[in-house]
Structure formats: C-alpha cells, structure tokens
Amino acid sequence: MPLLVEGRRVRLPQSAGDLVRAHPPLEERARLLRGQSVQQVGPQGLLYVQQRELAVTSPKDGSISILGSDDATTCHIVVLRHTGNGATCLTHCDGSDTRAEVPLIMSSIKAFSDHAQCGRLEVHLVGGFSDDRQLSQKLTHQLLSEFDRQEEDIHLVTLCVTELNDREENENHFPVIYGIAVNIKTAEIYRASFPDRGPEEELRAARALTGGPMISIYDAKTEQLRIGPYSWMPFPHVDFWLQQDDKQILENLSTSPLAEPPHFVEHIRSTLMFLKKHPSPTSALFPGNKALLYKKNEGGLWEKVSSPGS
C-alpha cells in the first residue's frame, strides 16, 4: 500500500512545498522542527550514522539510546519507525541509489517484526535545500516515490526537506537543518550536531567517498557496531586533490560548495589522506579479513572487541 498523510493517500508527483500546504499538520511540524535550537549530542549512548550508512535498533537496546547524523546539505536523513515495537531506523541518503536503499530501510525494520503487532510505520524526512543543481528536489521526489511504491502502509509524519528546509542569505541558499537525532525510547526527533562521529570515522568516510553502497552497520541482537571488511579501488588522482587549495576542493568535491559546514574541507582532506595511505583496504585495516567490532562500555562509549575467531 502507499504513502499516507493523515490516513489519506499522498498525491505524487508534487513538490514538498505543495505536499505540506495540502496537509497543514505536516507544515506545522516542519515549522516547529526548523524553529528548534541545535542540541549538541555527546557520545554516551549515541550511534552516529555517516553518509550511505544505515542503523536500526529498538527500545530494548541496552547500549544505544540515540541515533543521529548531520552534515546533510543536499542529502536527506531518513527515520523510519514502527510505533508498535519501537524499532527505529536512521539513514543518511545522498541519492546514489534510492531505489535500492528504500527496500533496505524497510527490510531492516521488518527484521524486528517477527509477530503481527499493533502499530504502524511512520517515516520522517529531513534535509536538503533549494540548491542550484536541484539535487535536493530530485532526492525528495525519489524518496517519496520509493516509499509510495512499497507494499506496506507508510505514514509520512515529518517532511522538512528541500524548499521547506531552505534559508536565503545574500542571494545564496543554505539548509536550515543539517543534522537530527532520534531518541529510541521516546521517539523524539530533534535538531542536533555531533562532536564525536566515531568509531573509525575516516575509514567509514573513505568507503563512502570511494562510492560504496548503502550498508547496515549495527547488529541490535549483539549490540555491536560492525565495520567492514570493505574493499575499494585507489581514489583517482589523490595526490592532485591533496595539493589543491580549499576553494578547489569545495568546488569540485561538494554537491553544494557554498552551503557546506565549516569543517567540510578538513574532513575531505583527512579522508583523502587516509585513502592515500590505504589505496586499497589491506590486512592492516582488517586483520584476517574480519570485521572490526565495537561495543559500548559501561560509560556508554565505543570500545573495540575481539573479532570472532581471532
């Protein structure tokens, strides 16, 4: 069945602006979210989701209480939640393969639904702005269309994307919201930023920069974050890019150069340095070609655990 708002089928295609104007509760929710101040979320109990990553868990999780992601300019952050069992998925979509990613999001939630339960599936879409290349608009349309194509009823609860998440300054456009968090226990979604994006931030960023597909990074049964093993080809002309100034990196390696957060270039440089050091993943990164496993310790921080069989 289709995408629904207030129990009614969503009419597609239409712009995000037209959609919320047809459904005042959607417009009010977007306004309230935009109006929030940004909360800085610490590492305790947090699972930070990078671009092209997906994480899903439920209120039964004893380690993770918050899922979050930020640095979304043209990207969208998607939260899908089952109101019956509280299973919650958060992912950071960049439009690379939306048709494959939405079924992955759906199946990650279904994995928690062994028994027929009361409740419904609710989706929240946040991110993007009125960018010159209309990449945000394209991604909004893709996500709405793909969710509408699923068999299950999906209730659209939050739509704060593209023109609804846009602000203008000196004739340039910027996103209002760059990041959100969701509280697994209470289902609250709020504006957020994340000083700590680990573990293995550069390794995970390298996988995304070299074109890796959307992957699930967390096993809620074992409460472990699972990284790799990954493979990638050497990044083209990595030495050339490392010699370029900030302006060149911004203009060539960003989808929206004017709207990036201040740390974007530094992040790209550190990722490129990582790729120069590791042109292809080796046993140095993944000993025995096994995944790197992390679990929260008693203080709520990530701690490396031994790989199975090592």
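For region 283-296, give me each residue that is surrounded by fewer than 12 Cβ atoms within 10 Å (Cβ to Cβ) and either assigned to a helix (DSSP H, G or I) or of a type outside the set (Gly, Ala, Ser) (or both). Break it down stepwise before answering.
Within region 283-296, the subset surrounded by fewer than 12 Cβ atoms within 10 Å (Cβ to Cβ) is 283-284, 288.
Matches in region 283-296: GLY288 only.
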Considering only residues of region 174-190 that are touching a helix residue (DSSP H, G or I) at 6+ places or on another chain (Cβ under 7 Å) and either open to solvent by 20 Å² or more (accessible area, probe 1.4 Å) or free of Cβ contacts under 8 Å to residues at least 60 places away in the same chain (or both), which is farthest from LYS277 (Cα to Cα)? VAL176
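Are any of the residues in region 225-244 acidic (Asp, Glu) and either under 30 Å from ASN172 (Cα atoms) or assigned to a loop (DSSP other than H, G, I, E, B) (or both)?
Scanning region 225-244, I find no residue that is acidic (Asp, Glu) and either under 30 Å from ASN172 (Cα atoms) or assigned to a loop (DSSP other than H, G, I, E, B) (or both), so the answer is no.
If you go through region 102-112 one residue at a time, do you hit one that is crowded, with 24+ Cβ neighbours inside 10 Å and in contact with a strand residue (DSSP E or B) (Cβ under 6 Å, 6 or more places away or on another chain)?
So in region 102-112, the residues crowded, with 24+ Cβ neighbours inside 10 Å come out as 102, 105.
After this cut, where a residue has to be in contact with a strand residue (DSSP E or B) (Cβ under 6 Å, 6 or more places away or on another chain) as well, the list is 105.
For region 102-112, residues crowded, with 24+ Cβ neighbours inside 10 Å and in contact with a strand residue (DSSP E or B) (Cβ under 6 Å, 6 or more places away or on another chain): present.
How about region 245-254: which of its residues are surrounded by fewer than 16 Cβ atoms within 10 Å (Cβ to Cβ) and either of a type outside the set (Asp, Glu) or over 25 Å from PRO175 (Cβ atoms) (or both)? Can you show your working first?
Of region 245-254, the ones surrounded by fewer than 16 Cβ atoms within 10 Å (Cβ to Cβ) are 245-248, 251-252.
Selection gives LYS247, GLN248, ASN252.
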Please tell me if GLU27 is under 26 Å from ARG8 (Cα atoms), open to solvent by 20 Å² or more (accessible area, probe 1.4 Å) and under 17 Å from the mean Cα position of the chain (by Cα). no
Counting residues that are closer than 28 Å to GLU266 by Cα and not hydrophobic (A, V, I, L, M, F, W, C), which strands (runs of 3 or more DSSP E) fully inside region 147-215 reach at least 1? 166-169, 172-175, 189-193
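Which residues, counting only those in region 199-218, are within 15 Å of the chain's Cα centre (by Cα) and either open to solvent by 50 Å² or more (accessible area, probe 1.4 Å) or not β-branched (Val, Ile, Thr) (or both)? First the steps, then the outcome.
The first filter runs over region 199-218 and keeps only residues within 15 Å of the chain's Cα centre (by Cα), leaving 201, 204-205, 207-209, 212-218.
Listed by number, the residues that qualify are GLU201, ARG204, ALA205, ARG207, ALA208, LEU209, GLY212, PRO213, MET214, SER216, TYR218.
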Do you know which residues across region 215-259 are in contact (Cβ under 8 Å) with a residue 40 or more places away in the chain and farther than 24 Å from VAL305 by Cα? TRP232, MET233, PRO234, PHE235, VAL238, SER254, THR255, SER256, LEU258, ALA259
When the residues of region 12-22 are filtered to those that are under 14 Å from THR140 (Cα atoms) and not aliphatic (A, V, I, L, M), which remaining residue is surrounded by the fewest Cβ atoms within 10 Å (Cβ to Cβ)? PRO13
Go through region 71-81 and give me each residue that's open to solvent by 10 Å² or more (accessible area, probe 1.4 Å) and touching a Phe, Trp or Tyr at 6+ places or on another chain (Cβ under 7 Å). ASP71
Go through (1) under 19 Å from the mean Cα position of the chain (by Cα); (2) farther than 30 Å from LEU4 by Cα; (3) acidic (Asp, Glu) one by one and return the number of the condition GLU169 breaks. (1)
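The values are calculated or read from the model by the stated rules, or taken from the named source; none is laboratory data. Quantities reported herein were computed from a predicted structural model and do not represent experimental measurements. Positions of Cβ are backbone-derived with ideal geometry, glycine not excepted, and every protein chain shown enters the neighbour counts. The protein model used for the area step is the full one, side chains on, heavy atoms only, and it has no ligands, DNA or RNA in it. Shrake-Rupley method; radii C 1.70, N 1.55, O 1.52, S 1.80 Å.
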